[in-house]
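Below: the structure, in structure tokens.
The values are calculated or read from the model by the stated rules, or taken from the named source; none is laboratory data. Not measured: the values here are computed from a predicted model. In this analysis, Cβ positions are derived from the backbone assuming ideal geometry, glycine residues included, and neighbour counts consider all displayed protein chains.
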Amino acid sequence: SSNVMWGGRFQKPPHVAVQALNASIHFDKRLAFVDIAGSIAHARMLFRQGIIAQDDAERIIAGLQSVRTEIERGEMVFREDLEDVHMNIEHRLTELIGEAGGRLHTGRSRNDQVALDMHLYLREQVDAIHEEIRVFERVLIDVAEANLDVIIPGYTHLQRAQPVLFAHHLLAYVWMFERDCERLRDARKRIDALPLGAGALAGTTFPIDRAAVAEELGFDRIYENSMDAVSDRDYILETLSTLSLFMVHLSRLSEELILWNSTEFGFIELDDAFTTGSSIMPQKKNPDVAELARGKAGRVFGHLTGLLTVCKGLPLAYNKDLQEDKEGVFDAIDTVHLLLAVFPAMISTMGIKRERIKRALDGDFSAATDMADYLVRKGLPFRQAHEVVGRIVSVSIREGRALTDWSIDALRGESALFDDDVLAKLTPEAVVNARMSHGGTARERVLEQLATARARIGH
Ligand code: ARG
């Protein structure tokens, strides 16, 4: 016959150019182990239901285990003319055990088979990424705690706004990543459903037991509608969307690391092991890791947009367009793993340049809000206090001095409400520690926040 799997209907094999286009083996071979696990569960069920004989089931299961061993040893030859991972494995199985191999596909289609593989694979990967993010969060928490005494300028519009604890700034990212973890756990609920048993689209004529297969493969639920089971990819889109949000967060952190590591900021120095040099400029030490993270966010977003577009106009049920669901999400998963293998160590080894950071706070006007708040406490409406302090800042800038350089007499010239105690309220420490509201940057609140974060993630 012209093709081992569907030859009966055909007079010729596919054109070689069609074969290259149609084949997915070069990327779906990563599903081999979950494909085999799914097939073993399917074969056991077929036997228990009396659909195949015991000796056939035993041969199939032992044969699939041999194929798995061959793949582990790198001995399996994946063939493009066999199109995809499902047909490659079934073909090898049949080579090993003969006719019984041909009974495995009873009551099943590649449409529900591939959907099963993707559910199994994504469930595994979502769990692994969840754990890697947690490891990263623990590092951020440890670095935050070890530098609790460091105050940095806080920015809005990238203009000095109000000083904050460096720990507070890092913890902001911990909460973002923690929501990413929560979204992964949530996406996992939808991944945790068994599509197998849907057949090509309409179910099967064999008396299969989907509940038993779901139980064996550890699925929480079964798809209730066979057409839905083989044709929707929303669980992949949710995973991509969650990974995209994670990349938004990682990319923002990366942008800050790049800024902080610049000569202009000089707040941190990334360790040599996480930077690269220039082939021409001997002085350069570039934050490539952070730049790659920022750049790779683009490719992950692209995969999300790509698959949304693939799915949007598809009629029910399966269409070959859906084979395009794999490379993007595989690449997104690989990208996130690559980055999470580097970021924890990069953050835990970065130097914090305390002297530089301290000097950055000298003479800036980030205590201006507190000067206005002082006047408000003395009874001035906030809008008027804002006006008074605005004038003081403007004079300071013109005369090249800091807020703390003003004498009390000179301040009284601007408002009679100023007293001797005002200057002590304008140091970075005082400004930070005055922000005692829940979620604020006061040391006491940040200590509570650290404890809450540790409790949340079990650290
Ligand atoms: N390689 C295919 C995919 O990834 C498997 C399903 C093929 N089904 C079909 N009817 N051609 O989607």
Quiz item: Has the stretch 8-28 got any residue that is surrounded by fewer than 20 Cβ atoms within 10 Å (Cβ to Cβ), under 17 Å from Leu93 (Cβ atoms) and not β-branched (Val, Ile, Thr)?
Solution: no
Self-check item: Single unsatisfied condition, Arg68 versus (1) touching a Lys or Arg at 6+ places or on another chain (Cβ under 8 Å); (2) crowded, with 18+ Cβ neighbours inside 10 Å
Solution: (1)
Quiz prompt | Residue within the stretch 330-353 that is within 14 Å of the ligand (Cβ to nearest atom), within 14 Å of the chain's Cα centre (by Cα) and not charged (D, E, K, R) present | solution = yes
Quiz item: Quick check: anything in the stretch 333-355 touching a Pro at 6+ places or on another chain (Cβ under 8 Å) and of a type in the set (S, T, N, Q)?
Solution: no
Quiz item: Is it true that some residue in the stretch 203-216 is assigned to a loop (DSSP other than H, G, I, E, B), at pLDDT 95 or above, touching an Asp or Glu at 6+ places or on another chain (Cβ under 9 Å) and buried (at least 19 other Cβ atoms within 10 Å of the Cβ)?
Solution: no
Quiz item: Any residue at all in the stretch 85-102 that is within 11 Å of the ligand (Cβ to nearest atom) and under 30 Å from the mean Cα position of the chain (by Cα)?
Solution: yes
Quiz item: Quick check: is even one residue across the stretch 18-30 outside any helix (DSSP H, G or I) and in contact with a Pro (Cβ under 7 Å, 6 or more places away or on another chain)?
Solution: no
Practice problem: Tell me, please, whether a residue that is free of Cβ contacts under 8 Å to residues at least 40 places away in the same chain, in contact with a helix residue (DSSP H, G or I) (Cβ under 6 Å, 6 or more places away or on another chain), among the aliphatic types (A, V, I, L, M) and under 30 Å from Thr309 (Cα atoms) can be found in the stretch 224-246. | Solution: no
Exercise. Could you tell me whether any residue of the stretch 76-83 is surrounded by fewer than 18 Cβ atoms within 10 Å (Cβ to Cβ), away from the ligand (no atom under 16 Å from the Cβ) and of a type in the set (Val, Ile, Thr)?
Key: yes
Quiz item: Which of the residues that make up the stretch 400-433 are within 17 Å of Gln162 (Cα to Cα) and surrounded by fewer than 17 Cβ atoms within 10 Å (Cβ to Cβ)?
Solution: Ala402, Thr404, Ala424, Lys425, Thr427, Glu429, Ala430
Self-check item: Complete set of residues in the stretch 386-439 that are touching a Phe, Trp or Tyr at 6+ places or on another chain (Cβ under 8 Å) and of a type in the set (Ser, Thr, Tyr)
Solution: Ser396
Practice problem: Check whether at least one residue in the stretch 135-148 is farther than 30 Å from Leu64 by Cα, polar (S, T, N, Q) and away from the ligand (no atom under 16 Å from the Cβ), and report yes or no. | Solution: yes
Quiz item: What single numbered condition from (1) buried (at least 18 other Cβ atoms within 10 Å of the Cβ); (2) more than 16 Å from the ligand (Cβ to nearest atom) fails to hold for Lys326?
Solution: (2)
Quiz item: List, please: which pairs have Cβ atoms under 7 Å, are six or more places apart or on different chains, and start with a residue in the stretch 370-399 that is surrounded by 11 or more Cβ atoms within 10 Å (Cβ to Cβ) and end with one that is among the charged types (D, E, K, R) and part of a helix (DSSP H, G or I)?
Solution: Asp370/Lys425; Tyr374/Lys425; Val388/Glu414; Arg391/Glu414; Ile392/Glu414
Quiz item: Do any helices (runs of 4 or more DSSP H) entirely within the stretch 326-399 hold 3 or more residues that are more than 25 Å from Ala434 (Cβ to Cβ) and in contact with a Ser or Thr (Cβ under 9 Å, 6 or more places away or on another chain), and if so, which?
Solution: 326-340
Quiz item: Tell me, which residue of the stretch 103-138 that is within 16 Å of the chain's Cα centre (by Cα) and of a type in the set (A, V, I, L, M, F, W, C) is nearest to Tyr235 (Cα to Cα)?
Solution: Leu122
Self-check item: Test result for Asp142, part of a helix (DSSP H, G or I) and surrounded by 16 or more Cβ atoms within 10 Å (Cβ to Cβ)
Solution: yes
Quiz item: Which one of these is at positive phi, in contact (Cβ under 8 Å) with a residue 24 or more places away in the chain and surrounded by 19 or more Cβ atoms within 10 Å (Cβ to Cβ): Gly266, Gly197?
Solution: Gly197
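Here is a yes/no grid of residues against (1) crowded, with 22+ Cβ neighbours inside 10 Å; (2) in the same structural domain as Asp117 (by TED's automatic domain parsing):
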residue	(1), (2)
Tyr223	yes, no
Ser241	no, yes
Met247	yes, yes
Ser251	no, yes
Asp271	no, yes
Asp288	no, yes
Glu291	no, yes
Quiz item: Considering only residues of the stretch 294-310 that are closer than 19 Å to His249 by Cβ and in contact (Cβ under 8 Å) with a residue 40 or more places away in the chain, which is surrounded by the most Cβ atoms within 10 Å (Cβ to Cβ)?
Solution: Val300
